[in-house]
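What follows is one structure encoded as structure tokens, with my remarks underneath.
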Amino acid sequence: MLENCILLSLFAKENLAHMSEEQLNRYDRLINEPSNDWDIYYWATEAKPAPAEFDNDMMAMLREFAKNRNREQRLRQPDLEYLFEPPR
């Protein structure tokens, strides 16, 4: 689903390099376990509450990111070159 691709890829670009191993594991679980992509989107945008197993610090980070307080233009996924750049 395009909305999640944009949301999750931009979130990953901004946060992956700074996550702990536990956070990376929770993020991996979030993007791989739910069978319905709309659930992730609804939880991230707070349209629906996340179930207890996904309501953690990672979901809080994703929710905050989804609020887009800086009003960034988020129209497409980032290029993957960032994966090969040193962390900021």
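The values are calculated or read from the model by the stated rules, or taken from the named source; none is laboratory data. No experiment lies behind these values; they were computed from the predicted model shown. Don't worry about glycine lacking a Cβ; one is built from the backbone with ideal geometry, like all the others, and counts go over all protein chains shown. SASA here: full protein model, heavy atoms, side chains in, ligands and nucleic acids out. Shrake-Rupley method; radii C 1.70, N 1.55, O 1.52, S 1.80 Å.
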How many residues does segment 30-75 contain that are within 14 Å of LEU8 (Cβ to Cβ), open to solvent by 80 Å² or more (accessible area, probe 1.4 Å) and touching a residue at least 24 places away in the same chain (Cβ under 8 Å)?
-> 1
Enumerate the helices (runs of 4 or more DSSP H) found wholly within the chain, keeping only those where 1 or more residues are among the hydroxyl-bearing types (Ser, Thr, Tyr).
-> 2-15, 21-32, 37-44
Restricting segment 12-27 to residues that are charged (D, E, K, R) and modelled with pLDDT of 95 or more, which is surrounded by the most Cβ atoms within 10 Å (Cβ to Cβ)?
-> ARG26
